[in-house]
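The values are calculated or read from the model by the stated rules, or taken from the named source; none is laboratory data. Keep in mind that this is a model prediction, so the values were computed, not measured. As a convention, Cβ positions derive from the backbone with ideal geometry for all residues, glycine included, and neighbour counts pool all protein chains shown. Areas reflect the complete protein model, heavy atoms only, side chains present, ligands, DNA and RNA absent. Shrake-Rupley method; radii C 1.70, N 1.55, O 1.52, S 1.80 Å.
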Amino acid sequence: MYLSTLSITIASIIFIAYNIVALSLFKVPQSLSMTYYLFKDKYRCGYVFPIMMYLVAGFMMPAWISLSVGSSFQFLSFFAPAAILFVGTAPAFLSNPLENMVHQVAAYASAVFSLLWIILVTPYWWIILLCLLVIAALAIVTNTYKNSYIYWLEIAAFTSTFITTILFSIL
């Protein structure tokens, strides 16, 4: 389990670092995916969004699958990060209709598969609620809940997944 915990921790650190940089440069975006355009337009480095998504999925997938061994729902631990790979592969969701469809379906699928895994495989379903409450409070305090609600929901989904997988790997 040590390698799983390490792998998930690395994925979490990459995700947190990316968001800290994005928030410091652009404030709170409408969505995590919108950071692709923000980086691309302002710094000509939109490629950092797909790289971040690939790294997070790449570090999460093997650890997540190993944590799910023996579960009837192990397939969720494959499909969730696989969908994240599709989100990263189709970052230009505003400018290309095909990428928009791939991006949207993959983003929703990843969130649903992740949250279902938490509910069906672990005893930590309540972490989803806790993360939603904390993230909602952050959105209200920063007064960004109207324009950036998608971003905050994405952060809640990722955060609950990271916390749950780390807890599940060490307890």
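Taking the Cβ-Cβ separation of K146 and I10 as r and a Förster radius of 41 Å, what is the calculated FRET efficiency to the nearest 0.05?
Once the sixth-power term is evaluated, E becomes 0.75.
For the chain, taking Cα atoms only, Rg and Dmax work out to 15.5, 47 Å respectively. Within the accessible area of the range 1-151, the carbon and sulfur atoms contribute 74%, probe 1.4 Å, all protein chains present. Helical content of the chain, expressed as a calculated mean residue ellipticity at 222 nm, amounts to -27000 deg cm²/dmol (DSSP H runs of 4 or more residues, -39,500 (n - 2.57) each, divided by residue number, nearest 500). Computed as a quarter of the hull surface, the mean projected area of the alpha carbon convex hull for the range 77-164 stands at 5.9 nm². Computed over the range 84-124, the range of Cα coordinates on each principal axis works out to 41, 12, 10 Å, biggest value leading. With the convex hull constructed from alpha-carbon coordinates only, the range 25-94 shows a mean projected area of 5.3 nm² over all directions.
Eigen-decomposition of the gyration tensor built on the alpha-carbon atoms of the range 52-92 gives equivalent ellipsoid semi-axes of 22, 10, 4 angstrom, largest listed first.
Taken per residue, the accessible surface of the chain reaches 53 Å², heavy atoms only and a 1.4 Å probe.
Relative contact order for the range 14-171 using alpha-carbon pairs under 8 Å, separation at least 6, rounded to a whole percent? Kindly include the intermediate steps, with their values, before the conclusion.
Working: 175 pairs, mean separation 36.9, N = 158.
The value is 23 percent.
What is the Cα centroid distance between the range 76-140 and the range 1-24, reported in whole angstrom? About 16 Å separates the Cα centre of the range 76-140 from the one of the range 1-24. Sorting 132-142, 159-169, 30-40, 11-21 by their mean Cβ neighbour count within 10 Å, with the most densely packed peptide first, gives 159-169, 30-40, 11-21, 132-142. Rounded to the nearest 20, the Cβ-based charge dipole of the chain about its Cα centre (Lys and Arg +1, Asp and Glu -1) stands at 300 debye.
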